[in-house]
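Chemist: This structure is in structure tokens; I'll ask about it shortly.
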Ligand SMILES: NC(=O)c1ccc[n+]([C@@H]2O[C@H](COP(=O)([O-])OP(=O)(O)OC[C@H]3O[C@@H](n4cnc5c(N)ncnc54)[C@H](O)[C@@H]3O)[C@@H](O)[C@H]2O)c1
Ligand SMILES: [Zn+2]
């Protein structure tokens, strides 16, 4: 079993990474026998893993709640279902919520744990690559409001995170690739050696070889844990984690959240940010080509749609004012593994990077 400690004073916790651990979880977890546990999962993941997890929790008072699957259900209504269930099973302050699923379940179940009786314990069992490498560290929990994603939420650190890499065997190829975008992101902004490793191991990663996957997940989590330990509340260095995300979010918004998975939009967004970094002379020529080759080897898209108007992207990013130097905060790279916050890019430069990233139709 590999572990990563997320160092946050009295909110510190450990991420356990192993294969097949769902079946015998406990040494890792500090659930007191006889305390109440609510497992929150969804219709896709529960049939695959809920039984195994429930069996391994024998001896505790285990309950489960299965929610519908999808981002569309990350709402106040489904958060409130979780709360109703906690009330229904008479959960007290020593109860634990275990989330079993991707980021949607983790975020919503985590927020239910954050808000029930002003905060109860929560253990996260992320089952998508994206939630294992990204949502498992940082303590962000919450749900969507019709007018904005993740508009309601709280920071609530889990008491432990269990990553069972065997769960990735059932994950759709497209979801797996989307998770890889966040892996590339963390390497690109702070770990040049890891970026090299990803390039030389891309075939093993795509074949989901357990050893390669476990190592990759551990390194991604360790990198994110360092960033979060430095800046738990996102007031400084944590912004670097948004590499590719400003452009990516704009693309998701402009396409109504239907065309791209988050990781796919981030992949394209990183290409725009990489090109801008090069165009501004911050990083060596060829960096964005290198990034593109790696993302492509992970079956991720690189190009913005040809028909998107750069002006719409800027507007969505709220960068449509005439003079934006000094106000636009973009995450760019100085070299592989060295991201930084740039606020000196001018509108024409950003437009040039956008145009250079559009598919030639
Ligand atoms: N809290 C954070 O720091 C953080 C970080 C990144 C993303 N998020 C949030 O996470 C969400 C995205 O997470 P996601 O990409 O995991 O999406 P998701 O939770 O919707 O999961 C993607 C799909 O995979 C299915 N699935 C999950 N595990 C599976 C498995 N092992 N086998 C087969 N199918 C499986 C799910 O049911 C779903 O259909 C967003 O709501 C985002 O806001 C949060
Ligand atoms: Zn992301």
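The values are calculated or read from the model by the stated rules, or taken from the named source; none is laboratory data. If you're wondering where the values come from, they're calculated on a predicted model, not measured in any experiment. All Cβ positions, glycine included, derive from the backbone under ideal geometry; neighbour counts span all protein chains shown.
Chemist: Tally time: how many residues in segment 261-284 are away from ligand 1 (no atom under 12 Å from the Cβ), farther than 12 Å from residue 303 by Cα and within 16 Å of the chain's Cα centre (by Cα)?
Modeler: 0
Chemist: Still on this structure, please answer the following. Condition (residue is in contact with a strand residue (DSSP E or B) (Cβ under 7 Å, 6 or more places away or on another chain), within 16 Å of ligand 2 (Cβ to nearest atom), over 25 Å from residue 44 (Cβ atoms) and part of a helix (DSSP H, G or I)) applied to segment 212-221: is it met by at least one residue?
Modeler: At the first step, the residues of segment 212-221 found to be in contact with a strand residue (DSSP E or B) (Cβ under 7 Å, 6 or more places away or on another chain) are 214, 217-218, 221.
This time we only want the ones that are within 16 Å of ligand 2 (Cβ to nearest atom), so: 217, 221.
Still in the list and also over 25 Å from residue 44 (Cβ atoms): none.
No; the residues of segment 212-221 include none that is in contact with a strand residue (DSSP E or B) (Cβ under 7 Å, 6 or more places away or on another chain), within 16 Å of ligand 2 (Cβ to nearest atom), over 25 Å from residue 44 (Cβ atoms) and part of a helix (DSSP H, G or I).
Chemist: Of all residues in segment 140-159 being farther than 19 Å from residue 233 by Cα and touching a strand residue (DSSP E or B) at 6+ places or on another chain (Cβ under 7 Å), which is nearest to ligand 2 (Cβ to nearest atom)?
Modeler: To start, the set of residues in segment 140-159 that are farther than 19 Å from residue 233 by Cα comprises 144-148.
Next, from what is left, pick out any that are touching a strand residue (DSSP E or B) at 6+ places or on another chain (Cβ under 7 Å): 144-145.
Values: 144: 15, 145: 19 Å.
Looking at residues that are farther than 19 Å from residue 233 by Cα and touching a strand residue (DSSP E or B) at 6+ places or on another chain (Cβ under 7 Å), I get 144.
Chemist: Any residue that is within 16 Å of ligand 1 (Cβ to nearest atom) and closer than 18 Å to residue 163 by Cβ - is there at least one of those in segment 193-210? Before the answer, list the steps.
Modeler: Within segment 193-210, the subset within 16 Å of ligand 1 (Cβ to nearest atom) is 208, 210.
Applying the additional criterion that residues be closer than 18 Å to residue 163 by Cβ yields 208, 210.
The answer is yes, given that some residue of segment 193-210 is within 16 Å of ligand 1 (Cβ to nearest atom) and closer than 18 Å to residue 163 by Cβ.
Chemist: When you scan segment 192-210, do you find a residue that is touching a residue at least 12 places away in the same chain (Cβ under 8 Å), at negative phi, within 15 Å of the chain's Cα centre (by Cα) and buried (at least 20 other Cβ atoms within 10 Å of the Cβ), even just one?
Modeler: Among the residues of segment 192-210, not one is touching a residue at least 12 places away in the same chain (Cβ under 8 Å), at negative phi, within 15 Å of the chain's Cα centre (by Cα) and buried (at least 20 other Cβ atoms within 10 Å of the Cβ), which makes the answer no.
Chemist: Scan segment 16-28 and give yes if some residue there is under 25 Å from the mean Cα position of the chain (by Cα), more than 19 Å from residue 103 (Cβ to Cβ) and at pLDDT 95 or above, otherwise no.
Modeler: Taking every residue of segment 16-28 in turn, none turns out to be under 25 Å from the mean Cα position of the chain (by Cα), more than 19 Å from residue 103 (Cβ to Cβ) and at pLDDT 95 or above.
Chemist: Tell me which of these residue 175 doesn't satisfy, since it passes every other one: (1) more than 23 Å from residue 13 (Cα to Cα); (2) away from ligand 2 (no atom under 16 Å from the Cβ).
Modeler: (2)
Chemist: Would you check which residues across segment 150-173 are out of contact with any helix residue (DSSP H, G or I) (no Cβ under 8 Å at 6 or more places or on another chain) and in a helix (DSSP H, G or I) and list them?
Modeler: 169, 173
Chemist: Something else: Check residue 177 against each of (1) closer than 19 Å to residue 209 by Cα; (2) surrounded by 20 or more Cβ atoms within 10 Å (Cβ to Cβ); (3) near ligand 1 (Cβ under 9 Å from one of its atoms) and name the one condition it does not meet.
Modeler: For residue 177, the failing item is (3).
Chemist: If I go through segment 227-256 residue by residue, how many of them are away from ligand 2 (no atom under 13 Å from the Cβ), out of contact with any strand residue (DSSP E or B) (no Cβ under 8 Å at 6 or more places or on another chain) and over 21 Å from residue 342 (Cα atoms)?
Modeler: 4
Chemist: Restricting attention to segment 138-174, which residues are at pLDDT 95 or above, more than 24 Å from residue 98 (Cα to Cα) and more than 10 Å from ligand 1 (Cβ to nearest atom)?
Modeler: Across segment 138-174, the qualifying residue is only 173.
Chemist: Further question: I'd like the residue in segment 139-152 that is buried (at least 20 other Cβ atoms within 10 Å of the Cβ) and in contact (Cβ under 8 Å) with a residue 40 or more places away in the chain and, out of all such residues, is farthest from residue 15 (Cα to Cα). Break it down stepwise before answering.
Modeler: In the first step, residues of segment 139-152 are kept if they are buried (at least 20 other Cβ atoms within 10 Å of the Cβ); the result is 139-144.
If we keep only those that are in contact (Cβ under 8 Å) with a residue 40 or more places away in the chain as well, we get 139, 143-144.
Details: 139: 12, 143: 23, 144: 26 Å.
Going through the qualifying residues, I end up with 144.
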